[in-house]
Amino acid sequence: MQQEAAQREAEELQRVQWRPRPVRGWGFPRLLWYLVFLQPIITEVHLRRKNVQFLFIRFSAWQYAGTDKLWAGLVTTLCEGIRHHYGALPFSVYSVLGNKPATTPDFCQREWHCRRRVCLALLALLAALCLGVGLLYLSLGGRALGHGSASGSVLKVFGGAATTLSGSGLLMAVYSVGKHLFVSQRKKIERLVSREKFGSQLGFMCEVKKEVELLTDFLCFLEIYQRRRLRVVLEVTGLDTCYPERVVGVLNAINTLLSDSHAPFIFILVVDPSILAACLESAGNMKGTADNGYLFLNRTVTLPFSVPIMGRRTKLQFLHDAVLSRDDLLYREITRKLRPSGGEGGEGAQLLAVQTQAGGEREQGRIDAEAARRIQEALFCLHDERDCLYEYVPDNVVSMRRIVNTVPITVRLLHQQQQADGGGPTPRQAVAWVVLANQWPCRLSWVLQCLEDRQQAGGAPEGRARLWDVFCDNSRELHTMTKALQNVLDLDGDPELFQRFLGADFPFTVAEAQSLLRCTVNLDHSIRRRMGLIRAVSTLKPPTPPKSPARDAPNAINGGNGASGPSAAGRDSGHASEAHHPRERAHGGKPRPVA
């Protein structure tokens, strides 16, 4: 946008040879003169101007997430940004003495008209002030010469009245400008918001609308004065981390500010559309209006721009920058040891301490050096274009930094484990395991839970068995739990990439997974516990209810009354088998005779 603005500025200078007027330095007094004595006119020449200047204002919705009216924070940030860019005095003078830009029906090319009423009023006040001061001087001079009389008293009265009226008029203008200078629009809106029950006041939104209209007129004045178009670009970030009602309030405020077709505002929403659509659908005050959040966003956003997938070169560059910008604990530990330290005590005590700790420090230094080498090797695998590992890293800078920050810790823990056990996975396998846990936490947790359940049942698979084979053997059971694990499954990435990852590029075995699991820090173990509980409940079978002997007595009596037929025979056989039920013997009853 800045490059486009510079190019348009150069083209406009070649076309009209008019340089934009500055608003700072020597141009500041000229701006104040124009604000007081001249009125801008919107002409055809102004409408045909192509040069533009962008004013960028950042608004983080997360900073105002705790307030009841997040949209009020948006409006106050907008007002404060413009006030800070152009200065408090020009906006204060325009708020008191400025005039809204006018339009002329004819083809007038004059962009400024003299404000005769302001000039005449100011001349009248100055003339009255001079007259009053002169009359007071004459009355005081006559009294000093000893010629005081009734005429001197009259001059004193008229002089005092003229001075008071003219001076009070000038002081009121200065007071109004000073009031707007110290009480900004942000403070006004915050004062309205802080009032109790401000939402029920009919004039609240009207006051906010007036402040926004005043801001828009001031920007239009500056457009004509600077001889260029102005566009205020408000970058809205962090909106997808707020409550649904707050999100709705910000979108309504944006629609209100953009309701005017001549509003010089451009809003850039840096959000996740899926989260924003879910917030709109779950907001209670949007029922019937935003039942489909995506349709509501399509009616609000006029230029959708989805960040495309990173290319290979761009992703490798981002990974390289993330690796260079890391600040892990190992680097700080090494630099701390390189600093000279002054010890206390005598020379003999220091020598004794050095002798006793020399062996341990040498061993620890060797371990640290080997761990640093392994960390560098693992991080290099991430941004090595000859390796396929970078293809599984997501196109998200936050996820890249999460992986890069996790790799040193995982490799360091793995190195300590290998010092005790010996052997184990390589640094490349360690960084691949970190990527696997970051991209497919649900599927990886399911495989680990299946291995744990099989081990507890006494039928653990061989260490050479592949994790992909374990997942394929239990994938049908995972499919039956999709409803209970819907939120967890949403964390996983592309299933096809998961198959290629474990099936071809990184075929981890059960033994390697058990070794890497002990140094895994980026996998939420609560997912496994949840899966274990769901799996345990799904394997439960309802018990068979026992047959009650009390219901068999009438059937036996009926059989003794001469019941016959297949049904009777079936009942008799059933009663014969139940006659020796152990429960009856436990109660001390004798076997019931069978007819």
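The values are calculated or read from the model by the stated rules, or taken from the named source; none is laboratory data. All of these numbers come straight from a predicted model, not from anything done at the bench. Virtual Cβ from ideal backbone geometry, glycine too; neighbours counted across all protein chains shown.
Of the helices (runs of 4 or more DSSP H) lying entirely inside the range 1-74, those containing at least 3 residues that are in contact (Cβ under 8 Å) with a residue 60 or more places away in the chain span 27-37, 44-47.
Report whether or not LEU297 is modelled with pLDDT of 70 or more, surrounded by 15 or more Cβ atoms within 10 Å (Cβ to Cβ), within 22 Å of the chain's Cα centre (by Cα) and over 30 Å from THR406 (Cα atoms). So LEU297 passes the test. Taken over the range 411-446, the residue count meeting the criterion of being among the hydroxyl-bearing types (Ser, Thr, Tyr) and either in contact with a Phe, Trp or Tyr (Cβ under 9 Å, 6 or more places away or on another chain) or surrounded by fewer than 24 Cβ atoms within 10 Å (Cβ to Cβ) (or both) is 1. Within the range 234-267, the set of residues being surrounded by fewer than 16 Cβ atoms within 10 Å (Cβ to Cβ) and among the hydrophobic types (A, V, I, L, M, F, W, C) comprises just one member, LEU258. For the range 408-431, the candidate set comprises residues that are of a type in the set (A, V, I, L, M, F, W, C) and under 29 Å from the mean Cα position of the chain (by Cα); within that set, the residue that is nearest to ALA372 (Cα to Cα) is ILE409.
Each residue in the range 81-99 was checked for being outside any helix (DSSP H, G or I) and either polar (S, T, N, Q) or modelled with pLDDT of 80 or more (or both), and 2 pass. Taking every residue in the range 286-303 that is assigned by TED's automatic domain parsing to the domain that holds THR256 and pairing it with any residue that is hydroxyl-bearing (Ser, Thr, Tyr) and at pLDDT below 70, at least 6 positions away or on another chain, the pairs with Cβ-Cβ distances below 9 Å are PHE296/THR289.
Just so you know, in the range 108-158 the residues that are touching a Phe, Trp or Tyr at 6+ places or on another chain (Cβ under 8 Å) and assigned to a helix (DSSP H, G or I) include one that is modelled with the lowest pLDDT, and it is LEU135.
Please work out if ARG366 is crowded, with 16+ Cβ neighbours inside 10 Å and either farther than 19 Å from PHE501 by Cβ or at pLDDT below 90 (or both). Here the answer is no, as ARG366 does not meet what is asked. Considering each residue of the range 258-272 in turn, none proves to be assigned by TED's automatic domain parsing to the domain that holds TYR64 and assigned to a helix (DSSP H, G or I). Exactly one residue among LEU89, LEU47 is assigned by TED's automatic domain parsing to the domain that holds PRO244 and surrounded by 13 or more Cβ atoms within 10 Å (Cβ to Cβ), and that residue is LEU89. Residues considered: ASP552, ASP492. Of these, the only one that is surrounded by 14 or more Cβ atoms within 10 Å (Cβ to Cβ), at pLDDT below 85 and farther than 21 Å from LEU414 by Cα is ASP552.
Looking only at the range 446-485, residues that are within 38 Å of the chain's Cα centre (by Cα), without any contact (Cβ under 8 Å) to a residue 12 or more places away in the chain and over 22 Å from GLY503 (Cβ atoms) come to 1 in all.
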